[in-house]
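Colleague: Sharing a structure, written as structure tokens. Questions coming.
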Amino acid sequence: MNPNDFQVHDVTDFPLVRLMPEGLPEGYAVRWEAEMEALIRQPDPFVMVVAALRGEHREAHEDRKRRTLWMKRNRDTLARRCRGMVAVEPDTRKRAMMRAQSAALAGLFKVPLRIVATAEEADAQARAFLGGTGDG
């Protein structure tokens with residue numbers, strides 16, 4: 001997998017696939033979809049790690065809608081390739097809210113989702129998912 005082929009996802013530390021949501025321009029979901037297609041087509045399992053946002057960031061409705069629809073259409077293939085998703089949220093209250101929301105999303109998309117406080121915890125959880133011990 002050539003990291004230069006990816007603009008939205010950072011695959012330089014594959015099988016950890018990183019997404020930095022800050023700075024993504026409106027309309028990025030088209031590129032996100034193409035990159036996700038490439039990720040689920042390749043044979044190796046991976047884990048998505050979503051970095052923490054600094055400040056307020058509002059994703060464009062059309063981008064969010066497009067990502068959600070793609071995940072619904074591809075949930076079975078995604079579940080076979082993606083061992084888990086880990087999001088970083090340093091704020092305790094926001095993290096608790098995200099954890100509550102993530103339970104429903106994980107069931108819908110068939111991929112375990114964890115919300116952690118730090119990038120270090122995210123990397124540890126991602127590696128646990130890859131090792132098959134990602135229950136924590």
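The values are calculated or read from the model by the stated rules, or taken from the named source; none is laboratory data. Please read all numbers here as calculations on a predicted model, not as lab measurements. Virtual Cβ from ideal backbone geometry, glycine too; neighbours counted across all protein chains shown.
Colleague: Are any residues in the stretch 1-13 assigned to a loop (DSSP other than H, G, I, E, B), closer than 18 Å to residue 123 by Cβ and touching a helix residue (DSSP H, G or I) at 6+ places or on another chain (Cβ under 8 Å), and if so, which ones?
Modeller: Across the stretch 1-13, the qualifying residues are 11, 12.
Colleague: Now for a separate question. Taking the residues in the stretch 109-125 that are assigned to a loop (DSSP other than H, G, I, E, B) and not hydroxyl-bearing (Ser, Thr, Tyr) as candidates, determine which candidate is farthest from residue 86 (Cα to Cα).
Modeller: 110
Colleague: Confirm whether residue 93 is modelled with pLDDT under 95, within 15 Å of residue 15 (Cβ to Cβ) and charged (D, E, K, R).
Modeller: no
Colleague: Of everything in the stretch 86-98 that's outside any strand (DSSP E or B) and within 14 Å of the chain's Cα centre (by Cα), which residue is nearest to residue 64 (Cα to Cα)?
Modeller: 98
Colleague: Same structure, new question: Among the residues of the stretch 63-85, is there at least one that is part of a loop (DSSP other than H, G, I, E, B), in contact (Cβ under 8 Å) with a residue 24 or more places away in the chain, of a type outside the set (Lys, Arg) and surrounded by fewer than 13 Cβ atoms within 10 Å (Cβ to Cβ)?
Modeller: Among the residues of the stretch 63-85, not one is part of a loop (DSSP other than H, G, I, E, B), in contact (Cβ under 8 Å) with a residue 24 or more places away in the chain, of a type outside the set (Lys, Arg) and surrounded by fewer than 13 Cβ atoms within 10 Å (Cβ to Cβ), which makes the answer no.
Colleague: Can you tell me which of 39, 24 is in contact with a helix residue (DSSP H, G or I) (Cβ under 9 Å, 6 or more places away or on another chain) and in a loop (DSSP other than H, G, I, E, B)?
Modeller: Only one candidate qualifies: 24.
Colleague: If residue 32 satisfies every condition in (1) surrounded by 18 or more Cβ atoms within 10 Å (Cβ to Cβ); (2) assigned to a loop (DSSP other than H, G, I, E, B); (3) aromatic (Phe, Trp, Tyr) but one, which is the exception?
Modeller: (2)
Colleague: Across the stretch 99-113, which residue is modelled with the highest pLDDT among those that are closer than 19 Å to residue 21 by Cα and either among the small types (Gly, Ala, Ser) or surrounded by fewer than 18 Cβ atoms within 10 Å (Cβ to Cβ) (or both)?
Modeller: Among those that are closer than 19 Å to residue 21 by Cα and either among the small types (Gly, Ala, Ser) or surrounded by fewer than 18 Cβ atoms within 10 Å (Cβ to Cβ) (or both), it is 99.
Colleague: Now for a separate question. Can you tell me which residue in the stretch 120-136 is modelled with the lowest pLDDT, limited to those that are among the small types (Gly, Ala, Ser) and either touching a Phe, Trp or Tyr at 6+ places or on another chain (Cβ under 6 Å) or surrounded by fewer than 18 Cβ atoms within 10 Å (Cβ to Cβ) (or both)?
Modeller: Among those that are among the small types (Gly, Ala, Ser) and either touching a Phe, Trp or Tyr at 6+ places or on another chain (Cβ under 6 Å) or surrounded by fewer than 18 Cβ atoms within 10 Å (Cβ to Cβ) (or both), it is 136.
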